[in-house]
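Chemist: Dumping the structure here so I can ask a few things about it.
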Amino acid sequence: MNNKMLYHIGFSKADLGEFPPEIALLSGDPDRANFIAQTHLQNVQLLSENRGLHSYLGDLPNGKKILSATSGMGAPSLSIVVNELVQVGVQKIIRIGTCGSIQPYISVGSIVISKGALCRQGAANDIAPVEYPATADPFLTVALVKAAQELKIEHYLGITASVDTFYEGQERTDSANPYLIRSLNGITEEYRRLNILNYEMEAGMLFKMAGVYNFAAAAVCAVVAQRTMSEDVILSKKDLAINNAILTAICAAANI
């Protein structure tokens with residue numbers, strides 16, 4: 001079993017060495033997974049670039065081994081990667097993503113740490129029923145909050161809306177389809193009143209899988225859009241926001 005190469009991630013447990021990592025930092029974007037590995041890890045080893053799912057093995061500055069891996073976009077892709085990461089022995093996963101704020105007080109450039117998710121994701125219903133709670137691991141979540149405090153990064157802790165689509169599902173109409181189905185008209189204001197902080201596309205699936213598979217999961221997302229003002233990603237602040245999320249996750253991972 002240790003020598004079995006997993007079909008999608010493209011590596012086996014044996015590839016992780018005698019002392020395999022327990023923690024994975026999971027990014028949707030392969031370029032972000034590469035940036036984390038090349039900028040923040042030591043003794044970096046490329047494990048695979050299979051299907052654009054780039055994975056790197058390396059050491060944190062304190063010597064702790066860690067994976068920087070790619071989930072791809074959305075819940076279905078993430079579900080495949082997470083299943084295979086658990087098969088090779090990963091026990092803790094921190095998602096490093098991007099998101100749009102739906103609360104006026106959450107600014108672009110800050111980060112949102114999810115304590116749970118409203119999981120509006122069809123693929124997640126294959127993991128557990130719709131009413132199954134999508135909650136983050138409290139210890140990983142506290143580690144993220146402490147890291148953000150230590151680094152003096154503007155951060156918010158709360159509930160995330162995880163949805164399957166970037167445009168219609170997040171009530172965007174400035175797209176190829178300006179017409180939303182009735183159930184999505186006004187959904188952002190409804191979520192705002194429910195004290196939901198942000199939109200993204202993966203945390204709900206990750207949290208449900210963690211509950212069912214019995215591993216620890218957390219999520220920190222860079223705020224790259226302010227949806228009370230515009231549908232657009234603010235590109236001028238994107239790098240700042242992502243760097244803040246990465247630094248928070250790296251600091252938390254080093255201390256858990």
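Chemist: Please go through region 231-256 and pick out each residue that is open to solvent by less than 70 Å² (accessible area, probe 1.4 Å), among the aliphatic types (A, V, I, L, M) and either out of contact with any helix residue (DSSP H, G or I) (no Cβ under 8 Å at 6 or more places or on another chain) or farther than 30 Å from ASP174 by Cα (or both). Spell out the reasoning first.
Modeler: So in region 231-256, the residues open to solvent by less than 70 Å² (accessible area, probe 1.4 Å) come out as 231, 233-234, 241-254, 256.
After this cut, where a residue has to be among the aliphatic types (A, V, I, L, M) as well, the list is 233-234, 241-242, 245-247, 249-250, 252-254, 256.
Matches in region 231-256: VAL233, ILE234, ALA241, ALA245, LEU247, ALA249, ILE250, ALA252, ALA253, ALA254, ILE256.
Chemist: Sticking with this structure for a sec: Could you check region 191-230 and list, in sequence order, the residues that are touching a strand residue (DSSP E or B) at 6+ places or on another chain (Cβ under 7 Å) and open to solvent by 50 Å² or more (accessible area, probe 1.4 Å)?
Modeler: Across region 191-230, the qualifying residue is only ASN195.
Chemist: Also, quick follow-up: Would you tally the residues in region 152-171 being open to solvent by 70 Å² or more (accessible area, probe 1.4 Å), in contact (Cβ under 8 Å) with a residue 24 or more places away in the chain and either more than 19 Å from the chain's Cα centre (by Cα) or closer than 23 Å to LYS208 by Cβ (or both)? Let's see the steps before the verdict.
Modeler: Applying the first criterion (open to solvent by 70 Å² or more (accessible area, probe 1.4 Å)) to region 152-171 yields 152, 154, 157, 166-167.
After this cut, where a residue has to be in contact (Cβ under 8 Å) with a residue 24 or more places away in the chain as well, the list is 154, 157, 166.
Now narrow it down to the ones that are either more than 19 Å from the chain's Cα centre (by Cα) or closer than 23 Å to LYS208 by Cβ (or both): 157, 166.
Result for region 152-171: 2.
Chemist: Which condition from (1) farther than 23 Å from CYS251 by Cβ; (2) open to solvent by less than 10 Å² (accessible area, probe 1.4 Å); (3) not in a helix (DSSP H, G or I) is the one that GLY89 breaks?
Modeler: Condition (2) is where GLY89 drops out.
Chemist: Now, a different point. What do you reckon, is ASP232 without any contact (Cβ under 8 Å) to a residue 60 or more places away in the chain and either within 23 Å of ILE96 (Cα to Cα) or under 19 Å from the mean Cα position of the chain (by Cα) (or both)?
Modeler: Details: without any contact (Cβ under 8 Å) to a residue 60 or more places away in the chain: yes; either within 23 Å of ILE96 (Cα to Cα) or under 19 Å from the mean Cα position of the chain (by Cα) (or both): yes.
Against the criterion (without any contact (Cβ under 8 Å) to a residue 60 or more places away in the chain and either within 23 Å of ILE96 (Cα to Cα) or under 19 Å from the mean Cα position of the chain (by Cα) (or both)), ASP232 qualifies.
Chemist: While we're looking at this one, here's another question. Here are some residues: GLN121, GLN149. Which one is open to solvent by less than 20 Å² (accessible area, probe 1.4 Å) and not charged (D, E, K, R)?
Modeler: Numbers: GLN149 fails: open to solvent by less than 20 Å² (accessible area, probe 1.4 Å).
Sole residue among the options that is open to solvent by less than 20 Å² (accessible area, probe 1.4 Å) and not charged (D, E, K, R): GLN121.
Chemist: Residue by residue through region 96-115, note down the ones that are open to solvent by 10 Å² or more (accessible area, probe 1.4 Å) and within 15 Å of the chain's Cα centre (by Cα).
Modeler: Within region 96-115, THR98, LYS115 qualify.
Chemist: Determine which single condition ALA222 fails, assuming it passes every other condition in (1) of a type in the set (Gly, Ala, Ser); (2) within 12 Å of the chain's Cα centre (by Cα); (3) closer than 18 Å to ILE23 by Cα.
Modeler: Among (1) of a type in the set (Gly, Ala, Ser); (2) within 12 Å of the chain's Cα centre (by Cα); (3) closer than 18 Å to ILE23 by Cα, the lone unmet condition for ALA222 is (3).
Chemist: Here is a further query. Is one or more of the residues making up region 126-138 surrounded by 15 or more Cβ atoms within 10 Å (Cβ to Cβ), at negative phi and part of a helix (DSSP H, G or I)? I'd like the intermediate steps shown before the answer.
Modeler: Taking region 126-138 first, the residues surrounded by 15 or more Cβ atoms within 10 Å (Cβ to Cβ) are 127-128, 132, 134-137.
Still in the running and at negative phi: 127-128, 132, 134-137.
Adding the requirement that they be part of a helix (DSSP H, G or I) leaves none.
Scanning region 126-138 turns up no residue that is surrounded by 15 or more Cβ atoms within 10 Å (Cβ to Cβ), at negative phi and part of a helix (DSSP H, G or I).
Chemist: Also, I was wondering about something else. Quick test for you: out of PRO30, PRO76, pick the one residue that is touching a residue at least 40 places away in the same chain (Cβ under 8 Å) and over 19 Å from ALA217 (Cβ atoms).
Modeler: PRO30
The values are calculated or read from the model by the stated rules, or taken from the named source; none is laboratory data. Please read all numbers here as calculations on a predicted model, not as lab measurements. Neighbour counts are summed over all protein chains in view; Cβ atoms, including those assigned to glycine, are modelled from backbone coordinates with ideal geometry. Side chains are part of the model used for accessible areas, which takes the heavy atoms of the whole protein and leaves out ligands, DNA and RNA. Shrake-Rupley method; radii C 1.70, N 1.55, O 1.52, S 1.80 Å.
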